[in-house]
Amino acid sequence: MGGRRARRRAANGRQPNLPPPSPPPRALPAHFRLCARSTSGAEPESARARGAGAERGERREGESAAAGMGEFKVHRVRFFNYVPSGIRCVAYNNQSNRLAVSRTDGTVEVYNLSANYFQEKFFPGHESRATEALCWAEGQRLFSAGLNGEIMEYDLQALNIKYAVDAFGGPIWSMAASPSGSQLLVGCEDGSVKLFQITPDKIQFERNFDRQKSRILSLSWHPSGTHIAAGSIDYISVFDVKSGSAVHKMIVDRQYMGVSKRKCIVWGVAFLSDGTVISVDSAGKVQFWDSATGTLVKSHLIANADVQSIAVAEQEDSFVVGTAEGTVFHFQLVPVTSNSSEKQWVRTKPFQHHTHDVRTVAHSPTALISGGTDTHLVIRPLMEKVEVKNYDAALRKITFPHRRLISCSKKRQLLLFQFAHHLELWRLGSTVATGKNGDTLPLSKNADHLLHLKTKGPENIICSCISPCGSWIAYSTVSRFFLYRLNYEHDNISLKRVSKMPPFLRSALQILFSEDSTKLFVASNQGALHIVQLSGGSFKHLHAFQPQSGTVEAMCLLAVSSDGNWLAASGTSAGVHVYNVKQLKLHCTVPAYNFPVTAMAIAPNTNNLVIAHSDQQVFEYSIPDKQYTDWSRTVQKQGFHHLWLQRDTPITHISFHPKRPMHILLHDAYMFCIIDKSLPLPNDKTLLYNPFPPTNESDVVRRRTAHAFKISKIYKPLLFMDLLDERTLVAVERPLDDIIAQLPPPIKKKKFGT
Amino acid sequence: MVQLRPRASRAPASAEAMVDEGQPASEEEEAEHGLLLGQPSSGAAAEPLEEDEEGDDEFDDEAPEELTFASAQAEAREEERRVRETVTAPSRPACPSLYTILEKLTTASQTNVKKSPGKVKEGNDSKKVKVQKAQSVSQNKSYLAVRLKDQDLRDSRQQAAQAFIHNSLYGPGTNRTTVNKFLSLANKRLPVKKAAVQFLNNAWGIQKKQNAKRFKRRWMVRKMKTKK
């Protein structure tokens, strides 16, 4: 019994492969110290144990921001060992203002920079696909090439990989699209540079250029498309595109004015329209070459470690380079004296937003984009290019995922964690103690690691879900769909896989179970929505809603009502569709909004659909009435508080209180909020974040400052927050230090005195 | 002024390298490719080839003909032009380039695998390709392109490439440090020095701790028994 890959876990609470111990929090917050002093001997042990980083869940009683919200016991979970993969390449598309990001596990994500930097689409990774280059071509086509020797095109509408073409040159190290966008150049391991023609539905091999001695690690086209520069190991070649022969071979010094045994790897080249070739290499140099004569013009030594990436702006008056120490340098073309016409390249700004190697940079018209091994995507708008100096010009650092990786079974208090290649099922601990606000309660029963489910095959898991009753687990990869039935006997758990899944269910973008766990809703990447009936140990395909008209704007999100009548699906440009599940037809469509949906949920009794968008707008739409609710209209008329709209991270989960229909609970990465629809809305002058005011304040003051948005920033960074029952919350946190502790080694920085 | 001879093109070597996976059986095919791809842009590099052949033939009999440079060059150019015309014009449709052959081989092998009955595991498609014969379409059927087991070759190349990257970024000679030391730098420079970020090593002595726990449990049980 049980799947071959599932391992049952005893009540130990330890994870199977123990990651390096997470560091203790730098400074214990005030309420922890308080409770360590005030409670009994058992108490400090649990507080300290948390401090030392043991993976235990702890109950903690906390009160939401103001009186009247009620008291909750909070399960504070830190045993979700989520480590994102490092960023390997970024590619910026000017026409649509979108950024494609490829990570080391093969995932490619597409961010919409105009929609508040929201990740709208992603293509799941693959173990054997080691992407090394990413580029956009004409007509919004996205190509990637990697060490498996294949060039892949991504279909941004169908959200799958259109095709993969083998270049027959060994592992591919670099790829560049021509300035016209109709040709693709690929640099391979065997030293050959191959030219491909981009046809409307595929790419076609055109010819090879002269083969070089060592692998071609970087490529750049001249803006006119007549020449290319290729960086290799210890030299840079300039090719003439028409003849395919190497015009110049420029030897790169291994060390700046010195001798070194290590080969100099030219990590990046850029070709400017005046014939200058800029190269960055592993010795820490940025060099300017003249391609007409093949000679070195200028050499800058900017780092003690490799300079790994370069990106030039379209106007060619500035470029950005990223180093292995995590520093990003901005170079600008500046006049020599204030009224001379002669210009020179000057290193103007250093930015230190990364701790590890910056493997890739991009230059948009107004911002510098960088990403690297420390998994952050940093977008730094340039102040001189930004027209309106408001909050839009602030630094954006995207660290946490913009979608939910955790699902929860409320009845059995289970959490399902989704990783790239496995799923983990944990049961929350329990406590019998009680306390007052701010106490940390000792656990009588530890959190239990019930299941470690490995996926078969090299593909990453796209999405996963556990049913509310806890008896079904479903997850999907690109080629397969898996459904498991769980049986609980006393303290044991057994797993049984449902075999013979229909082929149309694979490559699901979103999976959702109905509240009573009898129906399974699957949104496939072809746009269709499938309803599957589950009964006992078997399933039956009930219905498939075909894709509606409209282009795919973002990944599909699903929401189902608790009575099982209504199903909402987002993701297309037509708006959010609401389907009647009992009658199996489309009920209505919420009017389209120009920002993608980040979270959706349907309220239990009123059947109001609450939608959160990436620009931090929240709408409430009444499904039975087919119109926005009065409260929503009031909010829209007044507008949200300016601090609410300036939040960086999108709302990823919305839930409701079963007994209080006026409350909406939502959270993003750095706060969670309970919206009380019965209280007045804040205007721009009131304090948005007002934690529980001291009791000695007069009632008048308290009434004046009380408003509908009760925000708490106690638990952060939050990956997931939900209401388990009327008096219990669960908060899954992921401290940044725990992620950093598991990253690859950074470059050594020598500091005086250490 | 010295006119430097342009470098001899290395393209013929690339044709052989691509032929690792599929080997065209006929020699004339190879020779045609060599000639096709190896055409240098000017006639100057072609000269030595032609002259050498002529020289070998006439070496035994008598002293070689005295030719002026210009006439020899003109002859060589004409020869080259003739050869190019005869080779390129008719043979292009009949002799597809190496790239298209390789493409046909890969698609043929993929369709063969798909046709195989039963549920083939998707992830292991190419691994199951042992020897796939693909008859390439050619007007005179002069060659047979055979694809041998190549997934291992591809994997080994990919691994070699990843080893190269790993060595160049994290190998010897790079100045790397551990994450613990990196994050603890700040702690060491404070006016009141603090401990390192990962001061506790919870993975130390796991076996000892487990033994101790087991022993304690057994001792308790024994103690309870003797007390009774």
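Laboratory data are not the source of any read-out in this text; all were calculated from the coordinates shown. Because the structure is predicted, anything quoted here is derived from the model rather than measured. With ideal geometry, Cβ positions are generated from the backbone for all residues, glycine too; neighbour counts draw on all protein chains shown.
Here's the yes/no breakdown for (1) crowded, with 23+ Cβ neighbours inside 10 Å; (2) in contact with a Phe, Trp or Tyr (Cβ under 9 Å, 6 or more places away or on another chain):
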residue: A:Ile466; (1), (2): yes, yes
residue: A:Ser476; (1), (2): yes, yes
residue: A:Phe482; (1), (2): no, yes
residue: A:Asn492; (1), (2): no, no
residue: A:Thr518; (1), (2): no, no
residue: A:Ala523; (1), (2): yes, no
Q: Hey, can you tell me all the residues within region A:189-207 that are touching a residue at least 40 places away in the same chain (Cβ under 8 Å) and away from every other protein chain (no Cβ under 12 Å)?
A: A:Ile198
Q. What strands (runs of 3 or more DSSP E) completely inside region A:208-279 contain at least 1 residues that are away from every other protein chain (no Cβ under 14 Å), small (Gly, Ala, Ser) and out of contact with any helix residue (DSSP H, G or I) (no Cβ under 7 Å at 6 or more places or on another chain)?
A. A:218-221, A:227-231, A:266-271
Q: Please note which strands (runs of 3 or more DSSP E) are completely contained in region A:60-163 and include at least 3 residues that are free of Cβ contacts under 8 Å to residues at least 60 places away in the same chain.
A: A:98-103, A:108-112, A:131-137, A:141-146, A:150-155
Q: Among residues belonging to region A:733-748 that are closer than 10 Å to A:Asp374 by Cβ and surrounded by 17 or more Cβ atoms within 10 Å (Cβ to Cβ), point out the one that is nearest to the chain's Cα centre (by Cα).
A: A:Ile739
Q: Please find, within region B:157-172, the residue that is surrounded by the fewest Cβ atoms within 10 Å (Cβ to Cβ) out of those that are facing chain A (nearest Cβ under 8 Å) and under 14 Å from A:Ala324 (Cα atoms).
A: B:Tyr170
Q: Answer with yes or no whether A:Asp625 is within 30 Å of the chain's Cα centre (by Cα) and acidic (Asp, Glu).
A: no
Q) within 39 Å of the chain's Cα centre (by Cα), assigned to a loop (DSSP other than H, G, I, E, B), within 13 Å of chain B (Cβ to nearest Cβ) and over 23 Å from A:Pro350 (Cα atoms) - does that describe any residue in region A:301-312? A) no
Q: Among the strands (runs of 3 or more DSSP E) lying completely within region A:382-478, list those that include at least 1 residues that are polar (S, T, N, Q).
A: A:406-409, A:414-418, A:463-466, A:472-476
Q. Which residue, of A:Lys500, A:Lys496, is among the basic types (Lys, Arg), within 14 Å of chain B (Cβ to nearest Cβ) and over 30 Å from the mean Cα position of the chain (by Cα)?
A. A:Lys500
Q. Under the condition of being in a loop (DSSP other than H, G, I, E, B) and more than 14 Å from every other protein chain (Cβ to nearest Cβ), which residue from region A:280-300 is surrounded by the fewest Cβ atoms within 10 Å (Cβ to Cβ)?
A. A:Thr293
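The rows are residues; the columns are (1) exposed (fewer than 14 other Cβ atoms within 10 Å of the Cβ); (2) at the interface with another protein chain (Cβ under 8 Å from one of its Cβ atoms); (3) of a type in the set (D, E, K, R).
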| position | (1), (2), (3) |
| --- | --- |
| B:Arg176 | no, yes, yes |
| B:Asn180 | no, yes, no |
| B:Asn187 | no, no, no |
| B:Asn202 | no, yes, no |
| B:Gly205 | yes, no, no |
